[in-house]
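All of the numbers you see were taken from the coordinates with simple rules; none came from a lab. All values derive from a computational prediction rather than experimental measurement. Cβ placement follows ideal geometry from the backbone for every residue including glycine, while neighbour counts extend to all protein chains displayed.
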Amino acid sequence: TLFRSKYHRSAADKKLDDPADVRPPEVLRLTMDYLMNQIVDLDSDPNNPYVGRPHTFANIHIFVRDRTRSIRQDFILQSGTRTNRHCIEIHERIARFHILSEHQLCEEEVANFSSQQNMEQRNKTL
């Protein structure tokens, strides 16, 4: 669960900077590898291990967007990692994911994909 943690907003009753909850850069790189190598192409994978579950790219985009926000959040909570090799590489991959999503989902209905939200997340990544 820590490997693929969901994005959480900060709230008065939840502290986000507990060191035990922040994944180190190497774990964040492994998480990004997992998302890009195992999750992103589920909609087109004939050997999909989750047979019987509909995996449209729009659904995959929502899942991956949430997890990449969590990755970015962990980097923000770690002071001094902004120039870390893993940090730069991962942020580049996240930006490319948002660019790909914009292309793949540009004709999707607004109920399934928000171009404005996607571009907002891309801009926050950059």
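For segment 37-126, the alpha-carbon coordinates run over 43, 29, 17 Å along the three principal axes, in decreasing order. According to the square roots a ≥ b ≥ c of the eigenvalues of the Cα gyration tensor, what is the shape class of segment 59-104, taking rounded for a/c under 1.5, prolate for a/b larger than b/c otherwise, and oblate for the remainder? Verdict is oblate for segment 59-104. Applying a DSSP loop filter and a limit of 10 other Cβ atoms within 10 Å to the chymotrypsin sites (Phe, Trp or Tyr not before Pro) in segment 25-126 leaves TYR50.
A Förster distance of 35 Å, applied to the separation of the beta-carbon atoms of GLU107 and GLN38, puts the FRET efficiency at 0.85.
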